[in-house]
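Colleague: Shown below is the structure under consideration.
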Amino acid sequence: MTTNFSQTAAYIWSLADLLRGDFKQSQYGRVILPFTILRRLECVLEKNKPAVRDRAAKSLINFE
């Protein structure tokens, strides 16, 4: 189990290094943290997504 976990962690870090691209290691948190928070919000609010879209569509119609 430890080997599998270590291999998985190493794989994730290698992907992070690949995705980091031109960012310096010290700048990486400034980029990844906002995207992590946005993804978490998206997951939490997923069940309300259709209602929010409907309401937004109605607001746009009333705005015009």
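Colleague: To the nearest 500 deg cm²/dmol, what mean residue ellipticity at 222 nm is calculated for the chain from DSSP H runs of n ≥ 4 alone, each contributing -39,500 (n - 2.57), summed and divided by the residues?
Modeller: On the way: 3 runs with 51 residues, N = 64.
The per-residue figure over the chain is -26500 deg cm²/dmol.
Colleague: Can you put 6, 26 in order of Cβ neighbours within 10 angstrom, beginning with the fewest? Let's see the in-between values first.
Modeller: Details: 6 10, 26 7.
Ascending number of Cβ neighbours within 10 Å: 26, 6.
Colleague: Report the charge-dipole magnitude of the chain in Debye, nearest 20, computed about the Cα centre from +1 at each Lys and Arg Cβ and -1 at each Asp and Glu Cβ. Let's see the in-between values first.
Modeller: On the way: 10 positive and 6 negative charges, 38 e Å.
Using only the charged Cβ atoms, the result is roughly 180 debye.
Colleague: To continue, here is another question. Work out the charge dipole of the chain with +1 on the Cβ of Lys and Arg and -1 on the Cβ of Asp and Glu about the Cα centre, then indicate which of 29, 12, 41 is farthest towards its positive end.
Modeller: It is 41, whose Cα lies furthest towards the positive end.
Colleague: Using the Cα gyration tensor of the range 24-64, with a ≥ b ≥ c the square roots of its eigenvalues, what is the shape: rounded (a/c below 1.5), prolate (a/b larger than b/c) or oblate (neither)? Walk me through the intermediate numbers first.
Modeller: On the way: a/c = 8.18, a/b = 2.34, b/c = 3.49.
Here the range 24-64 falls in the oblate category.
Colleague: Another one. Just to verify a number: FRET efficiency for residue 51 and residue 30, C-beta to C-beta distance, R0 = 30 Å, to 0.05?
Modeller: Numbers: r = 33 Å, r/R0 = 1.10.
Plugging the Cβ-Cβ distance into 1/(1 + (r/R0)^6) gives 0.35.
The numbers here are math on the coordinates, done by the rules we state, and not lab data. For clarity, every value in this text was computed on a predicted model and none was experimentally measured. Virtual Cβ from ideal backbone geometry, glycine too; neighbours counted across all protein chains shown.
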